[in-house]
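The values are calculated or read from the model by the stated rules, or taken from the named source; none is laboratory data. Given the structure is predicted, the values throughout are model-derived calculations rather than measurements. Note: ideal-geometry Cβ built from the backbone for every residue, glycine included; neighbour counts use all protein chains shown. In case anyone asks, the SASA skips ligands and DNA or RNA and just uses the protein heavy atoms, side chains included. Shrake-Rupley method; radii C 1.70, N 1.55, O 1.52, S 1.80 Å.
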2 protein chains.
Amino acid sequence: MLHKLFHPESVAIVGASNDPGKIGNVILKNLISSGYRGSIFPVNPSQDEIMGLKCYPDLKSIGHSIDLCVIAIPARSSVAVVQDCVSLNVPFIVMIPGGFAETGKDGKALQDRISSLIEGTETRIVGPNTVGIYVPGSGLNTTLTPTDRVQFPPAGNIAFISQSGALGLLTMDTISEFETGIHSFINVGNRSDLDELDILKYLASRSEVKGIALYLESIPRGNDFFRIMKTAVQSKPIVILKSGRTETAAKAALLHTASMATDDRVTEGIFRQLGIVRAQNETELMDFTRTLSYSRNAHGNRVAVVTSAGGVGVVTTDLLSLPAHPDLKMAEFSERTKDEIRKLIVAFGSVQNPVDITADGSVSQVNDILAILNEADEVDLIILYALPQTPKMTMDLVDVAVKWQRSGKPLLVGVLGFKEAKGMLLSLEQQHVPSFPSISRTVRSAEALAKYSFYMRRMKDAAV
Amino acid sequence: MLHKLFHPESVAIVGASNDPGKIGNVILKNLISSGYRGSIFPVNPSQDEIMGLKCYPDLKSIGHSIDLCVIAIPARSSVAVVQDCVSLNVPFIVMIPGGFAETGKDGKALQDRISSLIEGTETRIVGPNTVGIYVPGSGLNTTLTPTDRVQFPPAGNIAFISQSGALGLLTMDTISEFETGIHSFINVGNRSDLDELDILKYLASRSEVKGIALYLESIPRGNDFFRIMKTAVQSKPIVILKSGRTETAAKAALLHTASMATDDRVTEGIFRQLGIVRAQNETELMDFTRTLSYSRNAHGNRVAVVTSAGGVGVVTTDLLSLPAHPDLKMAEFSERTKDEIRKLIVAFGSVQNPVDITADGSVSQVNDILAILNEADEVDLIILYALPQTPKMTMDLVDVAVKWQRSGKPLLVGVLGFKEAKGMLLSLEQQHVPSFPSISRTVRSAEALAKYSFYMRRMKDAAV
């Protein structure tokens, strides 16, 4: 049970320091500034006090139970600290230092020593060679990156497990732009003990987690992967960016985190069979996870598109209809649907799919059209473009999108542009309407939802 | 010769108005606020003065030569104004109103009347059904969108011709985020007279234009297209987003701008033959045009990747090596290249391609590695990730990137993240280093450059 790893009542930081050049300084600063309210015990034999907190020479001197020990000293010295954690029954260690298996034979031997120390004990390790973990809901930030360099997202419902530390931190930084809420970020590093599957099993059991994003360079524990994922996907959507797909990339991955990549055709087959949605890059990883976490499932793959800019509708239709996107198709509107839309929009608009309400289109027209499309049997999901360039397309559009996204068919919103657009995207994200700053990101996310919905229907049918 | 369309010494706005609900109000406001320094003549029979400018009842009363007449009154009334322009030898009309060919038979008849009025005269028309034109270098903004809704980019070297008004405006708004400079934006609308080819021919002849972006829903004048493009691509890179590719999308395009789409296989073949680079969506349209405008050509397609985040290197290698990206391949480093890099970076970094300088990597290491790669025969172009999450990766990296991009092999820069990253992207863009906020946008743009470079080499070989 990993609950204390995510919600520790006390954290010791071995290697805490007043020196801003040290990782132990950054981690302590991050932990304090992220609003962690449990006990914090800095450990450093050469200090009495750090950042206003009493500092201890070693773990044993603390004299208080420790839920989580963060180790921020070099690899060689860390062995003794792991030994101390075991003696003190510290349940969790986050091991920051590199210099283990990823560096070659000697490092591998050092890592094996640590593994053998915890064998059969109650102590579990995240890392080594991890950038740390971040759990905004419990104010826990043990990452090694200064917050002036990487912004951390607010609390939310998306869990993010990453085999790569930097890619994980940079991706969190990126999604901070629209304040995408996350439940937790875990970088497993060299996964000497706890790996993605252990973490995922815990997260899948938590009702506050609505979706799980994984960055993997190699599949951990083949058979277990299948078994654990099979259960996990029943309870939440799982999106994976699995790299090391090509031979060249697999070699790069091996150099990066000391783990072998799996044949990509095998991976692809397993993902499909399990109902895992696959992302191609870091942008899709987060776009897809947001979409699946925020949306109910679609009953089919027929998409209706609503736009106030004709060209945006045409480009969307192209992307939707190209062979590269087999999971979606444009809905064919019934005469009744077209007639109803015709009553609402100007004569030179289009009542066919994509619906073009033109520059004359207003927020109330969008609302009425969404009502019609939600009733239309021939439509399974809806892409709405909220394009702020015309005067009648005000911020009220956000409320309309929120209303229909909560009550109706799955709704994805594309928002092109800069200042006005950013404001819209921020409001939509805060209210968990999946929204995207480009046509192709919108279409690709709709495709991910259609694919996931298909998996879920198949699973339900198989269960009957 | 279209010079006066882009640099008019005087502009009349028919339909200028004090009423903020009227398009003639927005256009006059935009023209004044964009810093246009020629003469402005508002025309409106019911006003004596608008925004501090003397207002005229009609064009004839102005008593001054007019280089450009912007018509911002309804379709039916505009016929008489075109007639006036012809009598007064006004060389250019920008016709804003919709209600012409795009609305059906009656509108088509009206458009034909206007075309016959200018036949054999010196008067040329942009539009009707255009959102206007924007030429920041001459302070000319005749677009109908309030600047509080859409931001306009600063002056620069990229020309943008769009068959869709809204898509064009929204794309300009989007690229304003990083202050991408543009030479001009022209929305041809229904192209009753001047079309993309006329505009393109002029722009291709201008030395200040470094690249041309086109959004097309249909290919104008088949044979002329081939002939004019063939000459134009000799002088600058041309990137086209051609939509209406699929049957469904072609139908949508027809409803949108009253023009038939071309069979996409034909289009694809023509583009390849001519050396036109094709974009799939509005993001790529601008990314590719920036890249080709800012970069010299590559001698081949072998890419070196430099990163401080291993995972970013692995994902990049994947994208580069997948069958979907046949135009690029990972460079295989010689032993000498590897040895030289080995001297610079930490032992657990990677000296193979992708070069992983790890979180320990510094700006001066990047500089030295770029020096090595620029000397290495096995490398044709370079992707550098400027990742601001580690302390040694400061803003000085921008200067290093600028230096090598100007003096060395083509260099593309990927920058992931939010606040720090945005600052870096802005600085890089200002100095014309092609830079992108995601891995896939970086890789796709490198691919566009490799493709374009291949076209240019082929063209040169053919000429020998």
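Taking square-rooted eigenvalues a ≥ b ≥ c of the alpha carbon gyration tensor, is segment A:1-145 rounded, prolate or oblate, where a/c under 1.5 means rounded and, failing that, a/b exceeding b/c means prolate? Write down the numbers at each step before the final one.
Working: a/c = 1.44, a/b = 1.31, b/c = 1.10.
Verdict is rounded for segment A:1-145.
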Over the protein assembly as shown, give the accessible area per residue in Å² for a 1.4 Å probe, as an integer.
-> 36 Å²
Hey, could you grab the Kirkwood Rh for chain B? Inverse mean 1/r over distinct alpha carbon pairs, Å, one decimal.
-> 23.7 Å
In degrees rounded to 10, the 0-90 angle between helix B:363-375 Cα long axis and the longest Cα principal axis of chain B is 90 degrees
The correct pairing of chain A residue and whole-Å distance, for the Cβ nearest the axis that maps A onto B, is A:ALA324, 4
Counting only protein chains, not ligands or nucleic acids, how are A:GLU196, B:GLU375, A:GLU177 ordered by accessible area (probe 1.4 Å), most first?
-> B:GLU375, A:GLU177, A:GLU196
Say a label goes 7 Å from Cα toward Cβ at A:ASP112 in every copy; what distances in nm does this one have to the rest, shortest first?
-> 8.8
Among A:ILE62, A:LEU31, A:PRO136, the residue whose Cα sits farthest towards the positive end of the charge dipole of segment A:1-145 (+1 at Cβ of Lys and Arg, -1 at Cβ of Asp and Glu, taken about the Cα centre) is A:PRO136
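Given Cα pairs under 8 Å that are at least 6 residues apart, what percent is the relative contact order of chain A? Please report the intermediate quantities before stating the final value.
Values: 969 pairs, mean separation 49.1, N = 464.
Taking the mean separation of contacting Cα pairs over the length of chain A, I get 11 percent.
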Unit charges on C-beta of K, R, D, E only; dipole of segment B:72-125, Debye = 120 debye
What nm value, rounded to one decimal, do you get for the distance between B:ASP461 and A:THR394 when each label is placed 7 Å out toward the C-beta?
-> 6.1 nm
Work from the charge dipole of the protein assembly as shown (Cβ charges, +1 for Lys and Arg, -1 for Asp and Glu, about the Cα centre) and give the residue of A:GLY104, B:ALA371, B:SER10 farthest towards its positive end.
-> A:GLY104
Copy-to-copy spacing for B:GLN83, label 7 Å out on the Cα-to-C-beta vector, in nm, shortest first?
-> 10.2
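Which whole-number percent gives the relative contact order of segment A:1-145, counting Cα pairs below 8 Å spaced six or more residues apart?
Numbers: 299 pairs, mean separation 37.9, N = 145.
Computed over segment A:1-145, the figure is 26 percent.
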hull vol. (C-alpha, convex hull) per residue for segment A:336-464, Å³ -> 109 Å³
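Counting only DSSP beta bridges with both residues in the protein assembly as shown, tell me the antiparallel percent, nearest 5. Intermediate values should be presented prior to the final figure.
Values: 14 of 114 bridges.
Antiparallel: roughly 10 percent of the beta bridges in the protein assembly as shown.
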Considering only DSSP beta bridges with both partners in segment A:1-145, what is the antiparallel share in %, to the nearest 5?
-> 20 percent
Take every residue in peptide B:168-179, count the Cβ atoms of other chains within 10 Å of its Cβ, and give the average of those counts.
-> 5
Cα extents of the protein assembly as shown along the principal axes, largest first, in whole Å, come to 98, 64, 52
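Looking at segment A:150-294, I'd like the Rg to Rh ratio, where Rg is from alpha-carbon atoms and Rh is Kirkwood's inverse mean 1/r.
Values: Rg = 14.0 Å, Rh = 15.1 Å.
That ratio equals 0.93.
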Which value, in debye to the nearest 20, describes the size of the charge dipole of segment A:312-464 about its Cα centre when Lys and Arg Cβ atoms bear +1, Asp and Glu Cβ atoms bear -1, and nothing else is charged?
-> 420 debye
If one takes the longest principal axis of the Cα atoms in chain B, at what angle in degrees, from 0 to 90 and to the nearest 10, does the Cα axis of helix B:419-430 lie?
-> 70 degrees
Cα gyration tensor, segment B:103-232 - rounded (a/c under 1.5), prolate or oblate = oblate
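Once you've got the Cα coordinates, tell me which of A:LYS338/A:LYS403; A:LYS201/A:LYS251; A:LYS201/A:LYS460; B:LYS108/B:LYS236; B:LYS329/B:LYS419; A:LYS329/B:LYS242 are over 26 Å apart.
On the way: A:LYS338/A:LYS403 23 Å; A:LYS201/A:LYS251 29 Å; A:LYS201/A:LYS460 21 Å; B:LYS108/B:LYS236 35 Å; B:LYS329/B:LYS419 32 Å; A:LYS329/B:LYS242 20 Å.
A:LYS201/A:LYS251; B:LYS108/B:LYS236; B:LYS329/B:LYS419, as the Cα separations exceed 26 Å there.
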Placing +1 on each Lys and Arg Cβ and -1 on each Asp and Glu Cβ in chain A, then taking the dipole about the Cα centre, the residue among A:THR180, A:ASN353, A:ASN297 whose Cα reaches farthest towards the positive end is A:ASN297
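With each run of n ≥ 4 DSSP H residues scored as -39500 (n - 2.57), what mean residue ellipticity at 222 nm is computed for chain B after dividing by its residue count and rounding to the nearest 500 deg cm²/dmol? Let's see the in-between values first.
On the way: 16 runs with 193 residues, N = 464.
Taken over chain B, the calculation gives -13000 deg cm²/dmol.
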Expressed in angstrom and rounded, the centroid-to-centroid distance over alpha carbons for segment A:1-55 and segment A:327-364 is 58 Å
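Ranked highest first by average number of other Cβ atoms within 10 Å, how do A:224-236, A:404-416 line up?
A:404-416, A:224-236
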Given unit charges at Cβ for Lys, Arg (+) and Asp, Glu (-), the dipole magnitude of segment B:1-145 about its Cα centre in debye, nearest 20, is 160 debye
